[in-house]
Amino acid sequence: MHAIIAKDLSRIVRDADRELAIVDGLSFSVARGCRFCVTGPSGSGKSSLLSLLAGLDLPSKGSLEILGKNIATMTEEGRTSFRGQHVGFVFQNHQLLQQLTALENIMLPLEIQGRSNAKKQALALLDEVGLSDRSKHYPSTLSGGEQQRVGLARAFAIRPQLLLADEPTGSLDAQTGERIANLMFDLNKSYGTTLVLVTHDEALASRCDAGIRLSAGRGTPR
């Protein structure tokens, strides 16, 4: 079974008087439960590919199947609902809501789903990432590593089938980045989540099962 199947996947945008393929004819698949990395230099199409996998952008050509669903045939509302139920996100700059505490940030996706036990689940996740004593702290009072741990807990709160991580250690020092990577992979294993990891870090990429290297929107297997 595959979590992702892409066939001749392209994303084309208009730049002045010409068309530019920022994702150009990619074909690959990602097995369920796999750790899959996307690498390549800046401007190679990594973030654009991630937006396609998240259903934030639609393919200009080709086909993309995510968890058995053809993204292109879904409405915008349908894609939003699909993400909320099945897809988790980890960002380089955490993207926590500053007006919410660590606990409230983790509770938010659960509350959106209408979970009656959102607080209990969020507290359990805070404990899992080692931040039980920081539950009432706001992001501005947390270190970068602590914020990323809250981000990981939030991403795993809905028990996503697919986790998309965009440079999750990119803004952290080496030691903190390694701790975050270890935690992410541990959670990935315990939850059975399929992980797609965008990274410049070759050491991090080497810990994945498979991957693709992008250059000018085109890809080669790693």
- prompt: Restricting the search to region 42-96, which residues are over 30 Å from Gln147 (Cβ atoms) and of a type in the set (S, T, N, Q)?
  reply: Ser60, Ser63, Asn70, Thr73, Thr75
Qualifying position, being surrounded by 15 or more Cβ atoms within 10 Å (Cβ to Cβ), out of contact with any Cys (no Cβ under 6 Å at 6 or more places or on another chain), more than 21 Å from Thr176 (Cβ to Cβ) and at pLDDT below 95, among Arg159, Arg115, Arg149: Arg115
message: The conditions are (1) under 23 Å from Thr193 (Cα atoms); (2) open to solvent by less than 40 Å² (accessible area, probe 1.4 Å), and Thr80 fails exactly one of them. Which is it?
response: (2)
- prompt: Which of the residues spanning region 6-24 are of a type in the set (Gly, Ala, Ser) and open to solvent by 30 Å² or more (accessible area, probe 1.4 Å)?
  reply: Ala16, Ala21
- request: Go through region 96-138 and give me each residue that's part of a helix (DSSP H, G or I) and over 23 Å from Ser190 (Cβ atoms).
  value: Glu104, Glu111, Ile112
message: under 24 Å from Ala54 (Cβ atoms) and assigned to a helix (DSSP H, G or I): is that true of Arg149 in this structure?
response: yes
- prompt: Between a first residue in region 1-25 that is free of Cβ contacts under 8 Å to residues at least 24 places away in the same chain and more than 16 Å from Ser47 (Cα to Cα) and a second residue that is surrounded by fewer than 17 Cβ atoms within 10 Å (Cβ to Cβ) and of a type outside the set (Gly, Ala, Ser), which pairs have beta carbons less than 9 Å apart while being 6 or more apart in sequence or on different chains?
  reply: Arg14/Leu20; Glu19/Ile12; Glu19/Val13
query: Can Ser48 be described as surrounded by 15 or more Cβ atoms within 10 Å (Cβ to Cβ) and assigned to a helix (DSSP H, G or I)?
result: yes
- request: Identify, from the list Thr176, Thr220, Thr199, Thr194, the residue that is open to solvent by 10 Å² or more (accessible area, probe 1.4 Å), in contact with a strand residue (DSSP E or B) (Cβ under 7 Å, 6 or more places away or on another chain) and β-branched (Val, Ile, Thr).
  value: Thr220
field: Enumeration of residues in region 180-196 that are touching a Leu at 6+ places or on another chain (Cβ under 7 Å) and either of a type in the set (Asp, Glu) or touching a residue at least 60 places away in the same chain (Cβ under 8 Å) (or both)
entry: Met184, Asn188, Thr193, Thr194, Leu195, Val196
- prompt: What number of residues in region 118-133 are without any contact (Cβ under 8 Å) to a residue 40 or more places away in the chain and open to solvent by 50 Å² or more (accessible area, probe 1.4 Å)?
  reply: 7
field: Qualifying positions in region 32-45 - more than 15 Å from the chain's Cα centre (by Cα) and open to solvent by less than 40 Å² (accessible area, probe 1.4 Å)
entry: Gly40, Ser44, Gly45
- prompt: Of all residues in region 171-222 being among the acidic types (Asp, Glu) and not in a helix (DSSP H, G or I), which is nearest to Glu128 (Cα to Cα)?
  reply: Asp173
task: Taking Gln99 as the residue in question, decide whether it is polar (S, T, N, Q), open to solvent by less than 10 Å² (accessible area, probe 1.4 Å) and closer than 27 Å to Phe82 by Cα.
output: no
query: Quick check: is even one residue across region 63-70 open to solvent by 50 Å² or more (accessible area, probe 1.4 Å) and closer than 26 Å to Ala181 by Cβ?
result: no
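The values are calculated or read from the model by the stated rules, or taken from the named source; none is laboratory data. Remember, it's a predicted structure, so these values are computed and weren't measured experimentally. Note that each Cβ is placed from the backbone with ideal geometry, even for glycine, and that neighbours are counted across all protein chains shown. Remember, those area values only see protein heavy atoms, side chains included, never the ligands or the DNA or RNA. Shrake-Rupley method; radii C 1.70, N 1.55, O 1.52, S 1.80 Å.
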